[in-house]
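Some notes on the structure that comes next.
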Amino acid sequence: MLSSIRRQLLGKPMHNKEMATEKLPKWKALAIFSSDALSSVAYGPEQIMLVLAVPGLLTYGYLGPISIVILILLAIVTTSYVQVAKANPLGGGSYAAAQKNLGEISALTAASALFADYTLTVAVSVSAGTAAITSAFPAIAKHDVIIDLLVLFALLMLINLRGVQESAKAFVLPTYSFIVGILVLIIWGVFQSFTHQTPIIPVESLARQWDFTVIFILLRAFANGCSAMTGVEAISNGVPMFKEPQVDNATATTYWMSGLLGVMFIGISFLIMHFHILPLNGVTALSQVAELTFGRNWLYYYIQITTMVVLYLAANTSYNGLPPLLSILAKDGYMPRYLADRGDRLSFSNGIILLSIVAGLLIIVYQGNTEHLISLYAIGVFISFTIAQTGMVVHWRKERTSGWIVRATVNAVGATVTGIVVLIIGITKFSYGAWLVMIFIPVMIYMLRKIRGHYQDVTEQLTMPLAEDTDLLMKDLDPTILPNSQPGKNIVIVPISGLSRIVVRTLNYANVISSDVTALHITINKEAGRSVADQWNQWNSGTQLVTLYSPYRMVIQPLIDYINKIERQKQPEDYITVLIAEFQTKKWWHRLLHNQTGLVLRTLLILHEDVIVTTVPFHLKK
């Protein structure tokens, strides 16, 4: 029943060979990766206006200059991230650039900042999407948090669990519909600004006054507006998701994304200034601009609905950026290993679920308040910007390829500018929530290092001695030990993931209780399977090894199928014993870092009448 529902929701499992079909052409990748950056025009310019409109309109006239400065910063960051993508074709973005060039702490700082940024992107995008639709339909505003959570789990998480191509099909049309709508809005609005009577703008708002208070307000408005640049780094994290030539396609898509973002951002900022939009409770600035440009007709509702949809889908940038990053971190030992695995739809399903849960908690804690969430938002992404560009300066100095001085200079300028932005955001928005992110990043780094330390301890305790050390090997396993003759026989199956001390200990016990022992290895990769077989043959334990290839990346089901096959072949008086090698961690939280395959297997096999399931524990001392 549950399996049937799962198949209906997620679709049938995909073969490893179908991985190539999951690669994205540029036109699909633009919709998938740019929805976060492009949708930020729905709230980025508004966040500048909200700050400038507070002190009696005295600073409103600075909206234009601040928008231009952000546009220049966007050009610098875009150029830098194109270089990051070229230097790290396997993805990883800021983390990969820092790991190669700056060391562990910098890399983990970038990873922690990106984790904060991506989860906040989901929370902000979903909340802003709900705000867009409640502006047009105020009657549903009181249910905004429930709407947020339904969209998050029933739409975004579910579609992404179905795979990259499924999410591309779902998100391409809404993204391009939004782009067309905003461009039409800007073109018609700018045309009106030169052909119709302009609104009366108070003289006070055009004045230029300078004192400490004004400077602080301008810096805070600039920090708020920088939230429009989140998502620019997403393509550099997902280069492997592009069709060949991957780097060239990723580069072209980055330029298209930033070009569209720049046009839309400066256009909406101009229209906000032109119409002298002011904060209005329950109504977004974009909604006011659309109403003043088109009136309350179908074009207005088109803008509001496509904005709502694309803001919801903007979260998809995180779903295509964070799970691959978590996979890389997991392979490096900094995150739980199961985050490295692809699900049966070739998506990083565990990472997708984790991202959804964390974003859902943020929405609940902050009650879907976009302004409060944005206060936490930009500092993480600009920290990763700064680290990535600093890493690229070191990269070019190491490589010294043709033109490296120009490239290093571009990255150095970018690192300096974004580093200044980090300071501005940290100071001006410290009391508005930036302090939480500044605490979160060191805590996250500590957790990542503790996780890696645990995995290193496990490896140290489970690593096999060298094959030539025959005496030590025979001490671990004596395959000549056999049980006494009994009626019937005990067929022992030992599932293994590879050759390790815990496997040796389990096989030693298996040979004590039976003379019919089979080691069963389920592999999702034929090359890895051959590697295990070669190690097994070199070890020469005398125990039969059966290797089963699982192209759908399932481990439990092939094992169950093999046991069922043995059940059909055995005599009535025979028994089957499945020995599950399982190490016991020293600390309770270490258990969370390992999959629960043994527990699942025991639960499923308890229904088999003649199958005995035994756990052979191996206690870790660290």
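None of the figures in this text is laboratory data; all of them are computed from the coordinates on show. Bear in mind that the values here come from a model prediction, so they are computed numbers and not experimental data. In this analysis, Cβ positions are derived from the backbone assuming ideal geometry, glycine residues included, and neighbour counts consider all displayed protein chains.
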Extension length gain for SER177 and ASN297 (0.36 nm per residue less Cα distance), in nm, is 41.5 nm
Evaluate E = 1/(1 + (r/R0)^6) for TRP188 and THR401, where r is the Cβ-Cβ distance and R0 equals 35 Å; express this FRET efficiency to the nearest 0.05.
0.15
Added length on full extension, which subtracts the Cα-Cα distance from 0.36 nm per residue, ASP574 to LEU599
6.5 nm
From Cα pairs below 8 angstrom and at least 6 apart in sequence, can you work out the relative contact order of the stretch 2-453, rounded to a whole percent?
33 percent
Could you check the simple spin-label distance between LYS331 and THR463, using points 7 Å along Cα→Cβ, in nm with one decimal?
2.1 nm
Largest-first semi-axes in Å of the equivalent ellipsoid built from the Cα gyration tensor of the stretch 19-158 are 31, 24, 15
In whole Hz, the Karplus estimates of ³J(HN,Hα) for the stretch 488-499 (6.51, -1.76, 1.60; θ = phi - 60°; x where Gly or Pro) are x, 9, 9, 8, 9, 10, 10, x, 10, 9, x, 9
Fully extended contour minus Cα-Cα distance, from LYS142 to GLU567, at 0.36 nm per residue
147.1 nm
